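Read the structure below first, then the notes.
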Amino acid sequence: MQENHSWLAQINPSVKLATLVYVMLLLISTSRLEVTFALLILSAVGVCCSGWQLSTLLIRLVPYGVLFLLTFWMMAAFGKGETELWAFGWFRITEESLAHAWLVATRMLAFVLLSVTFVATTDATRFVMSLIHQCRLPVRLSYGFLAGLRFIPIFRQSIRTIRQARRVRQQRSLWPWQTFFDISLPLFTTSILRSEQIAIAMEARQFRVNRTYYVEPVVTRGDLAFLLMTVTLATSLRLVV
């Protein structure tokens, strides 16, 4: 997760998460392509307001575009239906499978855009603090979740270091599963050591449930306005389109 200077980054993370989850529920509850496409446009507007440059945004969305095409092809070519449009070998595209493919692929892409919007505009620490104060999530679970998020870049760096060390020593595995174990075993070992160090550090600093906080996020009028505006617009699209 990362935070930028866009206006979406200023929204309370819990309010933002609840709003995006509501839009996702609307996507799940509809089976009409028009409504799904309208909610997809709403999700795209959210991504465009996330503060990323257009070039960076397009590069980040390329893998999801490929996933969209693969999902559409799998649903269309191997679906069921009576009105056949095209057939070749094992592939059979019908009118019903084509409509179902558009629905599933568009819904999947909307989910991706909503998730990217949240991740691109939310700071991990601010999100956990919001879960503690607004959602009343237990402190032990919240800080464990935050520690897990902090471990992700450390894992990436550790994997990169292990691969570079194996490349320098010219170590190669005959089978892919051997490479997996050669990397995962030292990574698992270092993870246990780091988790133990974190536990000792928290105990040394007298970590307890009743504690004070340097920053306490609150729900402002702007957060409520964002919630009401998005919910009203998404519900209108669900009912009117």
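Could you work out the equivalent-ellipsoid semi-axes for the range 166-206, taking the square root of 5 times each eigenvalue of the Cα gyration tensor, largest first, in whole Å? Before the final figure, lay out the partial values.
Numbers: eigenvalues 221, 21, 3 Å².
They are 33, 10, 4 Å, listed from largest to smallest.
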### Query
To the nearest 10 square angstrom, what accessible area does Arg32 show with a 1.4 Å probe?
110 Å²
### Task
Treat the range 144-227 as a sphere of radius equal to its Kirkwood radius over Cα pairs and apply Stokes-Einstein at 4 °C in a medium of 1.567 mPa s; give the translational diffusion coefficient in µm²/s, rounded to a whole number.
78 µm²/s
### Query
Taking Cα atoms of the range 1-82, Rg/Rh with Kirkwood Rh, to two decimals?
1.04
### Query
Of Leu25, Leu146, which has the most accessible area with a 1.4 Å probe, and how do the rest follow in descending order?
Leu25, Leu146
### Message
I'd like the projected area of the range 98-241, averaged over all directions, using the convex hull of its alpha carbons. Report it in nm² with one decimal.
### Response
14.9 nm²
### Query
Excluding ligands and nucleic acids, what accessible area in Å² is computed for Glu34 using a 1.4 Å probe, to the nearest 10?
110 Å²
### Query
Where does each of 50-57, 36-43, 130-137 land if you order them by average Cβ count within 10 Å, highest first?
36-43, 130-137, 50-57
### Summary
Once phi for every residue in the range 39-48 is put through the Karplus expression 6.51 cos²θ - 1.76 cosθ + 1.60 (θ = phi - 60°), the whole-Hz ³J(HN,Hα) values, with Gly and Pro written as x, are 5, 5, 5, 4, 5, 5, 4, x, 5, 5
### Query
For the chain, what is the largest minus smallest coordinate of the Cα atoms on each principal axis, given in angstrom and ordered from greatest to least?
68, 60, 32
### Query
Of Asp182, Asp223, which has the most accessible area with a 1.4 Å probe, and how do the rest follow in descending order?
Asp182, Asp223
### Query
Using just the C-alpha positions of the range 1-45 as equal point scatterers, what log10 of I(q)/I(0) does the Debye formula give at each q in 0.21, 0.22, 0.29 1/Å?
-0.78, -0.82, -1.05
### Summary
Counting only residues 5 or more apart in sequence or on a different chain, those whose built amide H sits under 5 Å from that of Leu85 are Ile93, Thr94, Glu95
### Message
Could you work out [θ]222 nm for the chain from helices alone, using -39500 (n - 2.57) per DSSP H run of at least four and dividing by all its residues? Round to the nearest 500 deg cm²/dmol.
### Response
-25000 deg cm²/dmol
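The values are calculated or read from the model by the stated rules, or taken from the named source; none is laboratory data. The shown structure was predicted, so the numbers you read here are calculated from the model rather than taken from an experiment. Methodologically, a virtual Cβ is constructed for each residue, glycine included, from the backbone with ideal geometry; neighbour enumeration extends over all protein chains shown. Note: accessible area is taken over every heavy atom of the protein model, side chains too, but ligands, DNA and RNA are not part of it. Shrake-Rupley method; radii C 1.70, N 1.55, O 1.52, S 1.80 Å.
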